[in-house]
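Below is one structure, written out as structure tokens; the observations come after it.
The values are calculated or read from the model by the stated rules, or taken from the named source; none is laboratory data. This is a predicted model, so every value here is computed, not measured. Every residue, glycine among them, receives a Cβ derived from its backbone with ideal geometry; neighbour counts consider all protein chains shown.
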Amino acid sequence: MTLKSLALTAALVATTLGTALAPSLVQAQAKEQFFPLLVYRTGPYAPNGTPWANGKQDYIKYVNATGGMNGVKITYEECETGYATDKGVECYERLKGRPGVALFDPQATGITFALTDKVPTDKIPLITLGYGLSASQDGGVFKWNFPLMGSYWTAADILIQHIGKKEGGMDKLKGKKIALVYHDSPFGKEPIPLLQERAKQNGFELSLIPVTAPGVEQKSAWLQVRQSRPDFVLLWGWGVMNSTALKEAVATGYPREKMYGVWWAGAEPDVKDVGANAKGYNALALNTSGTQPKVIQDILKQVHDKGQGTGPKDEVGSVLYTRGVIIQMLTIEAVKRAQERFGKGKVMTGEQVRWGMENLALDQKKLDALGFSGVMRPVSTSCQDHMGSTWARVHTWDGAKWGGMSDWYEADSQIIKPMVKAAADKYAGEKKLTRREAADCQS
Amino acid sequence: MFYRENGQFKSSYRADQQIFPIAQDRIAILVLLLVAFVVVPMGVSDYWMRAILTPFLILSLAALGLNILVGYCGQISLGTGAFMAVGAYAAYNFQVRIDGMPLIASLLLGGLCATVIGVLFGIPSLRIKGLYLAVATLAAQFFTDWAFLRIQWFTNNSSSGSVSVAGLNVFGVPIESPVQKYLFCLIFVVVFALLAKNLVRSAIGREWMAMRDMDVAAAVIGIRPVYAKLTAFAVSSFIVGVAGALWGFIHLGAWEPAAFSIDRSFQLLFMVIIGGLGSIMGSFFGAAFIVLLPLFLNQLPGWLGFSISTALASHLETMIFGALIVFFLIVEPHGLARLWSTAKEKLRLWPFPH
């Protein structure tokens, strides 16, 4: 067989196999709710994407080990997106048709944008905890989007509030210079409108310093910081960008105490490489970290001790891992909430899960019962408000671990609300959508 | 046996010049078109239609455009992603800024804008060639990335820099369901492939090929290098621009500059090289190889019953994919299209090929 005919045979085999590329049919089985998990365990964002994905999987395993959702078992499948929009869309198309599919968590702002137009036709809700479209808080226009617990607008607002408080009052911000070093993508650009609004109201000077994705090349950005010497730097980074920014800050001699990251820039992988040099760096915290919370203990006991854990055991309880656990808990609670209305022990459809998402009522008592006491604040959503809560804190890196949690802050609704409404109306106008009727809230 | 042309005589220039001179080829193409237009929309799942066939068609179109430039005219370009982006953003601006703009018109106008930019960045090709030109076209990539990220006007002042389109329709027919999107792209691809094929067979195509093979000799026999090179850039960027607009409008629905990053340029160049330089058919083979194979490799472990971690599957995919590219290029440097024509040659001599 010559090399050429070998190639011909190979090509022939490839085509026949290619025809077998039909979506593997999963038999519709009774009482199984399917959670598609879009992840990125490869690429420049992998260090941050991995613990997040592990937390989500472990919580599913934990719930399954303790009886599922009122007897309904959870199945799941991961699909690697690599943070790329087109791959994310492919994953969505691949997994959305599975029987019992509950909802999607795209894990990337770019993918969220692409899916936002697709979910209303497919009738599958989209959860974007702490990221995604800030305007999608408005449930009147964004029926299927749920940016639970915060958006980039609430994040930016809380950071400004915190800086103002540290300075001794919001009026002290007048004349100060604040620089936003951001990932040049929809993710990094989202906070800009709010910061501009705040700059107008509080009288500080805002300078915007973009960093090209994925963010390993920041020399020119930090040159600008060195030149303009802003009083504070807000860091809107993700993945390798964060640790690079901290290293550049060290090289530039910019004080880390004056740097404030968004909650995606405040986990262990972001500061690990810089270690003690990053001491004093602050970032928002949507949740606590550590293994003390009851739910983390339970996961360790029920999942990791039985050898079924996803990922390394010593990463359990890290910031992003815990966030993954929270996301999965909220989605599972949404399904359970839907079951309360549409029948316990049944598999919920996407539309029913949407109702559950929209009527989440997780008060402190419920959170305590689930083992989340101290990890997060209560969340309660409604037809109009798809966010449920805007509480967040600021934590500080002490050179070895995250700590020094500040008080809880809530985003200023006087600023956020009109902005959300205006942006949602603009979106509805562009898409020629009408606002939902009051009756639609009941469905 | 079945693929033999004896007995098929050509008695007119017309018959001698048709695209598919062999009757079997004509029948095969007709069957293929019939399958693509009728059987596929009826019998293929939504997932295939939306997530595999539509991107495959659009990327084939882009590869076709690039093939005209690289394969036929010999001007290596790394700016394909940029021209796609220009097409997509220009079409978006026509769509949102002009009320009642027909979809097809805005897609074609997007292509025209890409043509202008393509010719502009093609001007250096008059002085430099080969790798130097590749680097010069890279400038187009960086420039458009910068422009669409920074100049707010292009994104209609979208605060996040991401743009989206909705409510697409052609003459009142909505382009929403997977079948509609697939057919819409298919029509574009078929029309453009036919145009491209005829273009490369015509005088201008021969000028391109003469430029590619030996530009000094071509100039000596009276071909104007300026005209030949810039028309290649123009035609190529037009097709690539339309493909970019389709990618944004039809496939993604919402996009950001990252959708047309440098990776996309490389991907398309690989398609052209693997598929076959200077072959219309090769563009389709290349697109199929690059679009389908990773998906196939990604899902293979699952079908075979291995449960491996997502990260490992993804790394394996990249490794095998890379190895296959190297393998194919060693075995057949002229790409899959040449393998295909070798196979046809053998079939014509069957059962005793040599």
Query raised in the report: Which of the residues belonging to region B:188-203 are of a type in the set (Val, Ile, Thr), surrounded by fewer than 18 Cβ atoms within 10 Å (Cβ to Cβ) and touching a helix residue (DSSP H, G or I) at 6+ places or on another chain (Cβ under 9 Å)?
Result: B:VAL190
**Report entry** Considering residues of region A:411-443 that are without any contact (Cβ under 8 Å) to a residue 60 or more places away in the chain and not in a helix (DSSP H, G or I) only, the residue surrounded by the most Cβ atoms within 10 Å (Cβ to Cβ)
**Finding:** A:GLU437
Query raised in the report: Looking at B:LEU112, B:LEU120, B:LEU108, which is the one that is in a helix (DSSP H, G or I), without any contact (Cβ under 8 Å) to a residue 12 or more places away in the chain and surrounded by fewer than 21 Cβ atoms within 10 Å (Cβ to Cβ)?
Result: B:LEU120
Query raised in the report: Taking region B:156-208 as the search range and keeping residues that are polar (S, T, N, Q) and facing chain A (nearest Cβ under 10 Å), which one is nearest to B:ALA88 (Cα to Cα)?
Result: B:SER164
Report task. For region A:209-244, enumerate the residues that are within 14 Å of chain B (Cβ to nearest Cβ) and loosely packed, with under 15 Cβ neighbours inside 10 Å. Result -> A:GLU217, A:SER220
Query raised in the report: Which of the residues spanning region B:329-342 are touching a residue at least 40 places away in the same chain (Cβ under 8 Å) and either among the aromatic types (Phe, Trp, Tyr) or more than 9 Å from every other protein chain (Cβ to nearest Cβ) (or both)?
Result: B:LEU329, B:HIS334, B:GLY335, B:ALA337, B:ARG338, B:TRP340
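Yes or no: B:ILE308 assigned to a helix (DSSP H, G or I), over 23 Å from the mean Cα position of the chain (by Cα) and closer than 30 Å to A:GLY309 by Cβ?
Considered against the rule, which asks whether it is assigned to a helix (DSSP H, G or I), over 23 Å from the mean Cα position of the chain (by Cα) and closer than 30 Å to A:GLY309 by Cβ, B:ILE308 comes out as no.
Would you point out the residue of region B:309-328, among those that are small (Gly, Ala, Ser) and surrounded by 15 or more Cβ atoms within 10 Å (Cβ to Cβ), that is farthest from the other protein chains (Cβ to nearest Cβ)?
Only one residue tops the list, namely B:ALA313.
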Query raised in the report: Restricting attention to region B:39-61, which residues are away from every other protein chain (no Cβ under 13 Å) and either modelled with pLDDT of 95 or more or crowded, with 24+ Cβ neighbours inside 10 Å (or both)?
Result: B:LEU57, B:SER60, B:LEU61
**Report entry** In region A:88-119, the residues that are basic (Lys, Arg) and at the interface with chain B (Cβ under 9 Å from one of its Cβ atoms)
**Finding:** A:ARG94, A:LYS96, A:LYS118
Query raised in the report: Which of (1) surrounded by fewer than 21 Cβ atoms within 10 Å (Cβ to Cβ); (2) under 18 Å from the mean Cα position of the chain (by Cα); (3) closer than 22 Å to B:SER307 by Cα does A:LYS56 not meet, given it meets every other one?
Result: (1)
Query raised in the report: Within region A:267-282, is there a residue that is more than 17 Å from A:GLY399 (Cβ to Cβ) and not polar (S, T, N, Q)?
Result: no
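Which residue is modelled with the lowest pLDDT, if the candidates are limited to region B:221-257 and must be within 14 Å of chain A (Cβ to nearest Cβ) and touching a Leu at 6+ places or on another chain (Cβ under 6 Å)?
B:PRO257
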Query - From B:LEU277, B:LEU293, residue being assigned to a loop (DSSP other than H, G, I, E, B) and either surrounded by 20 or more Cβ atoms within 10 Å (Cβ to Cβ) or at the interface with chain A (Cβ under 9 Å from one of its Cβ atoms) (or both) - result: B:LEU277
Query raised in the report: Just wondering, is there one or more residues in region A:186-200 that are closer than 18 Å to B:ILE151 by Cα and either of a type in the set (Ser, Thr, Tyr) or touching a His at 6+ places or on another chain (Cβ under 6 Å) (or both)?
Result: no
Query raised in the report: For region A:86-123, what are the residues that are among the charged types (D, E, K, R) and assigned to a helix (DSSP H, G or I)?
Result: A:ASP86, A:LYS87, A:GLU90, A:GLU93, A:ARG94, A:ASP122
Query raised in the report: If A:LEU284 satisfies every condition in (1) at pLDDT below 90; (2) not in a helix (DSSP H, G or I) but one, which is the exception?
Result: (1)
